[in-house]
1. Would you grab the residues whose amide H sits under 5 Å from the one on G187? Only those 5+ places off in sequence or on another chain, please, with H modelled 1.01 Å from N.
2. Kindly report the accessible area of the range 381-444 per residue (heavy atoms of protein chains, probe 1.4 Å, no ligands, DNA or RNA), in Å².
3. Search the structure for amide H atoms under 5 Å from the amide H of M234, placed 1.01 Å from N in the peptide plane, and list their residues when 5 or more places away or on another chain.
4. Kindly report, to the nearest 10 Å², the accessible surface of M297 as traced by a 1.4 Å probe over protein heavy atoms only.
5. Short version: ³J(HN,Hα) in whole Hz for each residue of the range 195-206, in order, from phi by Karplus 6.51 cos²θ - 1.76 cosθ + 1.60 (θ = phi - 60°), x for Gly and Pro, what are they?
6. Rank by packing, highest mean first: peptides 239-247, 373-381, 398-406, with packing defined as the count of other Cβ atoms within 10 Å averaged across residues.
7. How much solvent-accessible surface does K357 expose, in Å² to the nearest 10, with a 1.4 Å probe and all protein chains in place?
8. If the viscosity is 0.692 mPa s and the temperature 37 °C, what Stokes-Einstein diffusion coefficient in µm²/s follows for the range 194-271 when Rh is the Kirkwood radius over Cα pairs?
Amino acid sequence: QRCAAHSVVHPITCPIPKEHMSAGTLGLVLRGQEALRRQFPHVDEEALQLFGESCGGAPDAEVVTALAEMQREAAEAASSGQNGRIYLPSRGCTVSTAPPSTRAPGSTVAEPASAAAAAAAEARELQVHFEGGADPPRVGTVLLLQGLDLCFCRSSSSRSSRSGRVGDGSGGDGGVAGDLAAAPPAGIAMALPSGEVLAIEWHEGPICFWMQDYGMHELRIQAPEGAVWRCRIMATSHLGDFGASLDRFHDSCDWVWDGGWTEELEDATIALLAALDSHFEDMESMLRRSPMGSTMMSELGPSRRRLESSLAKALEGHDAQSVGRVYGAVRSLLSSQSLLNMFGPMLGGGASAGPLKDSFLYQQVMNFEKARFSAASEGKRDEVKAALSRLILTADTYLAELQHGQARDFVARWHGGLRDTLVHMRDDLEAVIHPLPFSQLRGEGGGYMGDMMKSVMES
């Protein structure tokens, strides 16, 4: 049935009614203009449209072979800068039903060498080995899929009579000796992060697929006898790497303390609790003079209660989770406080309180973080430093990718001293790793501030 211009939705292998589809098939696969554009990205759009119209969105082998040749020639022309074509970065990857280490030299028959390999074969999990290392491909990369015809090889002596449609990828023939013959898959498809499933048309040689979407993709290959093999491929970006590195840093920093309670950590916890009470007493006194005071205090209250609860539990039970949650609770408090810094004048004296980073409370936060890191094991501290180093690297890479005028606020913060602060934390053994610079990476709670003001105005 048609669902878009020149696009037909149907299973590309077996004539199974839609209502009878199961996990054993490739699913509802979209064939047509969009699928062809992803597989032959260097071919002119007009040529793709012409081919798509001529075959009703379902190209036969002759059309696919012609498009593959056009793609190869267009990619070569683009790489050499001919005709002003835009060259898309490409990356080779080899697809197999088992890791290369489980194959005998010169053989394409997989012999599981471990329980993990056997489990992968049982679950029909494909292995994808990327050219240049294991890092995931970037958005905009054209994958060059190779080895698809070698996934389902069998001995020629045991081939069926169905035009070379042999093997189901499960190793059912036990790896019979003899001349091995490549068996092209019965069907190939790529599931996008959006949930759409695009057909990939089979042809000899490397098969292209243009990774245009950020997120997790799933490559699905149907063996000649019907079994479907799958693997997941993450398409990332420099911004995505930066965000993931920031999350990874926060995770390692939250849980750096691994149970070594010390007298210094206990004193720092008590001092931070006392400073928190004193800080909020002053804040309540200030907000009492404002008509918006009670509303603002109700918004700021959760940050206080979260931090108080974590500190009290850490002090009482030396609980690793509670000690770890203090770091996140301080980040939440920083976001809350940024609202007061911006709207202090209308709150009746709020401006005189000054930013939280200059307060006695934040000095106690830094003392607590110093004691927490000192009480942690060396391995945990090294893990935080490694995550911080990765964060700096991915931030630098992301900024190098930005065009002139993009993300100006972030560029100004990063080169205005924030990067130097993080490098100092990484390289100086005496430097305290504390939450403020990492809150500044996110813009000091701008999104939180917007949500908070919306709540205030609605009340």
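1. So G187 has HN proximity to Q222.
2. Details: 3550 Å² over 64 residues.
That works out to 56 Å² for each residue.
3. For M234, whose amide H was placed from the backbone, the distant partners under 5 Å are H217.
4. Spelled out: M297, probe radius 1.4 Å, area about 40 Å².
5. Going residue by residue, I get x, 5, 10, 9, 6, 10, 7, 6, 7, 5, x, x Hz, with x marking Gly and Pro.
6. In descending order of packing, they fall as 239-247, 373-381, 398-406.
7. K357 has an accessible surface of roughly 90 Å² with all protein chains in place.
8. The Stokes-Einstein estimate is 187 µm²/s.
The values are calculated or read from the model by the stated rules, or taken from the named source; none is laboratory data. These figures come from a predicted structure and were not determined experimentally. Glycine also receives a Cβ, built like all others from the backbone with ideal geometry; neighbour counts cover every protein chain displayed. Just so you know, the surface numbers come from the protein's heavy atoms only, side chains and all, with ligands and any DNA or RNA stripped out. Shrake-Rupley method; radii C 1.70, N 1.55, O 1.52, S 1.80 Å.
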